[in-house]
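Peer 1: I am attaching a structure below and will ask some questions about it afterwards.
The values are calculated or read from the model by the stated rules, or taken from the named source; none is laboratory data. This is a predicted model, so every value here is computed, not measured. Here the Cβ is made from the backbone with ideal geometry for all residues, glycine too, and neighbour counts use every protein chain on show.
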Amino acid sequence: MPGPGRITEREAYASAEVTQIQQAAATLGEDSDALIERLGLPVDVWLNDIAYLQAVPMSVWSFTIGGYQVLKKWSSYRDQEVMGRPLTASEAREASGIIKRLTALVLMQPQLDANYETVRSSAFPWTEQI
């Protein structure tokens, strides 16, 4: 049976983390406060008893695909009690890669939504007679 996943919720980003978010916002041409609001508060995602991924945005931790919380599902099946062995360095790097890809999706969400609306509004009206 998979483990529950373990996170530590934080009240705010550290100043160095805020600086990185501000730089990203400038690159994206967005307001940094709006970007922080979209990302949500940070959580630390524990990989084992001593190693964790720091400052994962809550929107990334809670991101779902097909009804499953991606990071929680991934980490729950890599729990030491489930696998019978510690997490490998390669698996830890994979977790970091997953977080980067999910973060990119969260950052692209406004553009993805706008693209969807454009496509939806210009779709052929199949219900009309030809």
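Peer 1: Would you please name the residue that is modelled with the highest pLDDT, looking only at residues in segment 78-92 that are exposed (fewer than 10 other Cβ atoms within 10 Å of the Cβ) and in a helix (DSSP H, G or I)?
Peer 2: Taking segment 78-92 as the starting set, the residues that turn out to be exposed (fewer than 10 other Cβ atoms within 10 Å of the Cβ) are 81, 84-85, 89-90.
Imposing the further condition that a residue be in a helix (DSSP H, G or I) reduces the set to 81, 89-90.
Numbers: GLU81: 77, ALA89: 88, SER90: 92.
Checking each candidate, the answer is SER90.
Peer 1: When the residues of segment 49-71 are narrowed to those that are hydrophobic (A, V, I, L, M, F, W, C) and in a strand (DSSP E or B), which ends up farthest from ILE21 (Cα to Cα)?
Peer 2: This residue is ILE65.
Peer 1: If TYR52 satisfies all but one of (1) in contact with a Phe, Trp or Tyr (Cβ under 8 Å, 6 or more places away or on another chain); (2) hydroxyl-bearing (Ser, Thr, Tyr); (3) without any contact (Cβ under 8 Å) to a residue 40 or more places away in the chain, what's the number of the condition it fails?
Peer 2: With respect to (1) in contact with a Phe, Trp or Tyr (Cβ under 8 Å, 6 or more places away or on another chain); (2) hydroxyl-bearing (Ser, Thr, Tyr); (3) without any contact (Cβ under 8 Å) to a residue 40 or more places away in the chain, TYR52 is out only on (3).
Peer 1: SER75 passes all but one of (1) at pLDDT 90 or above; (2) touching a strand residue (DSSP E or B) at 6+ places or on another chain (Cβ under 8 Å); (3) not aromatic (Phe, Trp, Tyr); which number fails?
Peer 2: (1)
Peer 1: If the Cβ limit is 8 Å and pairs must be 6+ apart or interchain, which residue in segment 102-119 that is of a type in the set (Val, Ile, Thr) pairs with which residue that is surrounded by 13 or more Cβ atoms within 10 Å (Cβ to Cβ) and not in a helix (DSSP H, G or I)?
Peer 2: So the pair list comes out as THR103/PRO57; VAL106/PRO57; VAL106/PHE63.
Peer 1: Just to check your reading of the model, which residue among LEU41, LEU35 is touching a Lys or Arg at 6+ places or on another chain (Cβ under 7 Å) and among the aliphatic types (A, V, I, L, M)?
Peer 2: LEU41
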